Every structure is written in C-alpha cells, then in structure tokens.
Amino acid sequence: MMPDIFLYITAFLFGTAVGSFLNVCIYRIPRNVSIITPSSRCPSCNIPIKPWDNMPIVSYIFLGGKCRICKARISFRYPLVEFLNAVLYVLVLWKFGFAWHTIVYFLFCSALIVISFIDLDFQIIPDRITLAAIPIGLVVGSFLLPDPFLRYSLLGYKTSIIGFFVAIALLSRGGMGGGDIKMMAMVGSFMGWKAVLLTTFLGSFIGAVFGIFLMIFKGKGRKTKIPFGPFLALGTLITLFYGQEIFYWYFNR
Ligand SMILES: [Zn+2]
C-alpha cells in the first residue's frame, strides 16, 4: 500500500499549495486586484512576505500566527483554507482515483472554496469564477468525466441550465441572489440537472437548519442576512461525493 499512501500525501501537499493561492484569490478577486502580481504582502504592513514565511500551514504555525515584521495577527482563515483544500484533494483522490480527470475535480472543489469565502466576506459570488467555469463544465462535464451519474449529454446540459435559469427567475423573487443562480448553473454544467436538484435541496436544508440554530441560540432575527453560497457549496460537495448513493437510496427504498 506504500504507493497509495505516497499519492495521498502528495495530493494533500499539492492541496495546501493550491490553497495558499486560493487565499490570494479570496482576498483579491472581490477587490478587483490582479491575482498574479504583486507578490503576497502582509495586509497590515504591506511588506512582501518572504517565500519561507509563505509556506502553507507550516509558516503560520512557526510564526505563531503573526507577521514576522509588524507582528500583526494573521487570520486563522489562511491555514484553514489551505487545510480545507488539502482535505478535499485527498477526498477527490479517494473517490475518483488517480487519473487526469482528478485535476478537473480538484479545480471544481477549489472554485467552491473561493466562492464560499468571498460570499462570506462580501455577500457576492463573483461572475469571474462562475461564468468562467460554466463553459469548462459544459465541455469537460459532458464528454470527458467518467462518472455516469455526473455525465450527461451536452444537449441535456444546455436545456437543463437554461430551464433552471428561467424557472428560478420566474419563481424566486428575492431569496436566492443572482450569484447563487449562476453558481447552480456552474454546478449543472459540471454535474447535470440531478445534481442541481440535490444540491439545491441540500444547500437549502443545511442553510435552514443553520438559520434556525442562529435564531434560537444566538438570538438573531429572521432578517439576518446569511450568505447562501457556502451552504450551496456544502450541498455541492455532498452531491459530488455521495450524490449517486443518495439518489439510489431515495429511489430504491
Ligand atoms: Zn506585517
């Protein structure tokens, strides 16, 4: 089993490295700053971070969660995002095996992380991610992904996505924002209409449970704005890893 363990460790390390880049995306995309240049800087003192202070997770621990220069606290979110991304990469490897399509699922999971944290911060889901991902999902998801549950004909995708847009626009006034709808279109482009239904159900259910929890235990009013993107992302991940099993269980009881 040694080669397997080696693969999983590699996936984890690769996940933390990509996660480090995701932190840059989460910070810069909603602020409309280039994600390529300049190099990473401390948000407090604006001094460029040295490569050895910019290693995923490890540097945070060695620096005690503080900037080396100005000693300002570094948000715990940075190592958290790196760790989350790494765990998802391990799960993708476990679920889909080691093949070229693994990369597609890596990218898809990373996009969900970036969307979730930007939505938490700014209550927006950037078009730069969802609209860019839809054509990739259409092509890759329709023809190349091996999973029969996730793969549908291109025609099926197109009709389901357009149908979904129209249905939501007609049915929902408020509630889901425009960004959420484009995010579901992105999910549909990668995983088909079944996944969109299940994801919407799971995301709404988890979001509702969380909302009730906030009302009861934190005394928040019904008007409290809760970003929906993270819940949809959670629903998407459950669908990605267990959607087929959930559908099978539901229709074969
Ligand atoms: Zn600093």
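Derivation of every value follows stated rules applied to the coordinates shown; laboratory data play no part. This is a predicted model, so every value here is computed, not measured. Counting neighbours? That spans all protein chains shown, and the Cβs are built from the backbone with ideal geometry, glycine included.
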(request) Give the range 1-51 a look and list any residue that's assigned to a loop (DSSP other than H, G, I, E, B) and surrounded by 16 or more Cβ atoms within 10 Å (Cβ to Cβ), or say none. (result) Ile29, Pro30, Ser40, Cys42, Ile49
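Collect the residues in the range 93-108 that are in a helix (DSSP H, G or I) and closer than 18 Å to Tyr242 by Cα, keeping them in residue-number order. Before you say what the answer is, go through the steps one by one.
As a first pass, look at the range 93-108 and keep what is in a helix (DSSP H, G or I): 93-96, 101-108.
Selection gives Leu93, Trp94, Lys95, Phe96, His101, Thr102, Val104, Tyr105, Phe106, Phe108.
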(message) Between a residue in the range 26-51 that is closer than 17 Å to Arg73 by Cα and any residue that is of a type in the set (Ser, Thr, Tyr) and more than 8 Å from the ligand (Cβ to nearest atom), which pairs come within a Cβ distance under 9 Å, given they are 6 or more apart or on different chains?
(response) Ser40/Ser20; Pro43/Tyr27; Pro43/Ser75; Pro48/Ser39; Pro48/Ser40; Ile49/Ser39; Ile49/Ser40; Ile49/Ser59
(message) Step by step: first the residues of the range 72-117, then only those that are farther than 26 Å from Pro135 by Cα and touching a Lys or Arg at 6+ places or on another chain (Cβ under 9 Å), then the one that is surrounded by the fewest Cβ atoms within 10 Å (Cβ to Cβ). Which residue is that?
(response) Arg73
(request) Select from the range 60-77 the residues that are more than 13 Å from the ligand (Cβ to nearest atom) and either within 15 Å of Arg41 (Cβ to Cβ) or assigned to a loop (DSSP other than H, G, I, E, B) (or both) and list them in ascending order. (result) Gly64, Phe76
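Mind counting the residues in the range 40-59 that are touching a Pro at 6+ places or on another chain (Cβ under 6 Å) and near the ligand (Cβ under 10 Å from one of its atoms)?
Of the residues in the range 40-59, the ones touching a Pro at 6+ places or on another chain (Cβ under 6 Å) are 41, 57.
Adding the requirement that they be near the ligand (Cβ under 10 Å from one of its atoms) leaves 41.
Looking only at that region, the number is 1.
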(request) Would you point out the residue of the range 206-231, among those that are free of Cβ contacts under 8 Å to residues at least 24 places away in the same chain and closer than 25 Å to Tyr250 by Cα, that is surrounded by the most Cβ atoms within 10 Å (Cβ to Cβ)? (result) Phe210
